[in-house]
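Okay, structure first, notes after.
The values are calculated or read from the model by the stated rules, or taken from the named source; none is laboratory data. All of these numbers come straight from a predicted model, not from anything done at the bench. A quick note on method: Cβ atoms are made from the backbone with ideal geometry, for glycine too, and the neighbour counts reach across all protein chains shown. We work out accessible area using only protein heavy atoms, side chains counted, and drop any ligands, DNA or RNA first. Shrake-Rupley method; radii C 1.70, N 1.55, O 1.52, S 1.80 Å.
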Amino acid sequence: MNEKPYDLAVSFAGEHRNYVARTVEACKSLGLNVFYDKDKNNDWWGGNFIRQQRAVYSSQTRFFVPFISTEYLAKPIPMDEFSAAMMTAVKQGDDYVLPVLMDNVRVPADLLHPHTNYLRASDYTPEELARQLQQKVGRSREAGTPPAELGPVVEHALQLRLPRVARSDWSKYEELDRLFDYLTTQFTDGAKKLRERGFICTVKPLGDRLMIRVERNGETVYGLDFTKGVASAGVTTA
């Protein structure tokens, strides 16, 4: 089994940091290894934190715990984190994403499947939520089931190019066209590996939009939408 550095990785909007920080501390007191951004302030000093966080959310944690709020849905960085995690959910199956809804937020059906079970923060103190997470991690450790390997080509295609210092002959429009062509090719090739795992992947370039839909047993399980000019991929489920 491939051991993960973290049992849990939390993702949240800054407006709810107090509740999340208390939950993280309670989890740590129960012996859980938790990824929490402030713990990495020194380690990541001077580095590209977006790249580092994508690596954690996509491959370095047993469970991804998004604290979804209205603010979360409106901010690009939390949604980038969510996008990275959802691709892992396609590979790993149910239960990788453990949503916690804040306040009375209503999550769009194209982001979180209506049949996905979730907890509401208003029903739990941070300490109570930590015990719920401890139980989930404990059952996962006992099961000891490794995630399926779907091929590095799909993972590589998800690593969106990060901003760079532009050359005098560099064009963002040409770069976007090349990126879309690259993603289309990589996901089309990766679809073959998904089929070997029982998934059907459809790749549709539609002008300035690239749609990827993954189906199993006749139902759409996850999707990715890339739109030119948008910094991160939008993730849909149906």
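Under 5 Å between amide H atoms, partner at least 5 residues away or on a different chain: which partners does LEU111 have, H built in plane at 1.01 Å?
For LEU111, whose amide H was placed from the backbone, the distant partners under 5 Å are THR237.
For the range 5-44, with every protein chain kept in place, what is the accessible area per residue (1.4 Å probe, Å²)?
On a per-residue basis, the range 5-44 sits at 46 Å².
Place the peptides 68-79, 118-129 in order of packing, highest mean first, counting for every residue the other Cβ atoms within 10 Å and averaging per peptide.
So the peptides 68-79, 118-129, ranked by packing, come out 68-79, 118-129.
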